[in-house]
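Everything on this sheet refers to the single structure shown next.
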Amino acid sequence: MTDRHQMNYLNDGVAVAGSVASTPTPSSAPVTVESTPVRDGTDAANLGSTPAPDQPARTRTRDLSSIAERLSERDWAVLRSVAAHRFLTTAQITRLHFAGHADTSGPVLARRTLGRLRSRRLLATLERRVGGVRAGSSGLVYHVDVVGDRLLRRDTGRTSRRRFSSPSPTFLRHTLALARTHIELLDASRAGQCELVRCDIEPASWRRHLGLGGARLTLKPDLFAETATDHDSTFTTSWFIEVDLGTEHQPTLLRKCHDYDAYYRSGTEQAEHGVFPLVVWIMTASTPELADRRRTALRTAIDKDQRLDSTLFHVITPDQLIPLIKNGGTR
């Protein structure tokens, strides 16, 4: 695999349609996960600031260095993945970092590793599980704990502490859905269906730009990805990906399309990368019938809106994502 093709998954005249000749990928004014605190609107108490009674109140700098020295490369990778995604289940961490092991040994090794990281307060889990009690340990949801945050701050030079807020159910479902989409892209890349060159999760995927009158705006894609395909690996295709779980009203979705249009017209992305990514709406809902109606409604609204370039937007089901990427976005 060439340097261009090394997978950079989790990073802290107008050309359109997403494909560009391969070049090193600079940062397009992203808002990084380390620089920007993310809140879900609950403003819950800082659960990470108060240690449990049976745990030490503080970790001394000397102890922190000792912990850091004992971490393996995979330990660091797990910690950074959880920080980038904000929340990950045991099953998702297993697919991200233990996929090279057998189906039986991978989950066992993952649970052992996660147990060790929890015991050192690098990671912690939410009280509720995805899938309920029956999901067992695979449904545990992990986030960065206080010691893990201190290690990441020291490693990146970040000075502000990331305060933990207990997520709302809606926010958690969406966050885990973004992780699921990232993992699907990674699995497709591992299987040789495409090549995942880069994948940034919000807020690392966000873009700052200037609007009309010099207003400072931030476009907030759920994910940004760059992919290549075997039939033409010289070129990469870039994507802004939105994951909708049926919780937003159609006018809100259409306004987001106009946010993309405003960013497109600013020329910021094209100036830095020579191309504007394709925008992909992955839409689900509580029932297949409702999801289908929502997809049809959004597609129709985009096509009828004369201010939008409808060729920039794809509205798809989750199982259409990999075929779309393999096709390079061709309709």
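Laboratory data are not the source of any read-out in this text; all were calculated from the coordinates shown. As the structure is a computational prediction, the values presented were derived from the model and not from experiment. As a convention, Cβ positions derive from the backbone with ideal geometry for all residues, glycine included, and neighbour counts pool all protein chains shown.
Once the principal axes of the Cα atoms of segment 214-270 are found, what is the range along each, listed largest first in whole angstroms?
So the extents along the principal axes, rounded to whole Å, are 38, 34, 13.
By a straight-distance test (C-alpha under 26 Å), which lysines pair with K326 as possible cross-link partners, with residues fewer than eight away in the same chain excluded?
Of all the lysines, those that pass the test against K326 - Cα under 26 Å, at least 8 places apart if same chain - are K220, K256.
Rounded to the nearest 0.05, what FRET efficiency is calculated for R293 and K220 with R0 set to 35 Å and r the Cβ-Cβ distance?
Plugging the Cβ-Cβ distance into 1/(1 + (r/R0)^6) gives 0.85.
Using the Karplus curve 6.51 cos²θ - 1.76 cosθ + 1.60 with θ = phi - 60°, work out ³J(HN,Hα) for each residue of segment 256-263 in order, rounded to whole Hz, and write x for Gly and Pro.
Each residue of segment 256-263 in turn: 5, 4, 5, 4, 5, 4, 5, 5 Hz.
Taking 0.36 nm per intervening residue step and subtracting the Cα-Cα distance, what contour gain separates S168 from E127 on full extension?
13.5 nm
What is the set of long-range amide H partners of T89 at a cut-off below 5 Å, with H atoms built 1.01 Å from backbone N?
Result for T89 returns Y142.
For segment 73-203, go through all pairs of different Cα atoms, get the mean of 1/r, take its inverse, and jot down that Kirkwood value in Å.
For segment 73-203, inverting the mean 1/r across all distinct Cα pairs yields 15.3 Å.
Hand me the GluC sites (Glu not before Pro) from segment 233-290 located in a DSSP loop with no more than 11 other Cβ atoms within 10 Å, in residue order please.
none
At what distance in angstrom do the alpha carbon centres of segment 197-211 and segment 222-252 lie from each other?
Each part reduced to its Cα centre gives a spacing of 12 Å.
Once the cut-off is 17 Å, how many percent of the Cα-Cα pairs in segment 266-317 end up in the long-distance tail?
Roughly 47 percent, once rounded to a whole number.
Taking a virtual spin label 7 Å from the Cα of A99 along the C-beta vector, which residues in segment 185-207 bring their backbone nitrogen under 18 Å of it?
185-201
Between S286 and K326, what length in nm is gained on full extension when 0.36 nm per residue of separation is reduced by their alpha carbon distance?
11.6 nm
Grab the beta carbon distance between Q306 and D187, set R0 = 30 Å, and tell me the FRET efficiency rounded to 0.05.
0.15
What whole-number distance in Å separates the alpha-carbon centres of segment 144-173 and segment 260-331?
31 Å
Would you kindly derive the ³J(HN,Hα) couplings of segment 154-163 from the backbone phi angles with the Karplus curve 6.51 cos²θ - 1.76 cosθ + 1.60 (θ = phi - 60°), listing them in order in whole Hz, with x for Gly and Pro?
Whole-Hz 3J(HN,Hα) from phi for segment 154-163: 5, 6, 9, x, 5, 9, 8, 7, 8, 7.
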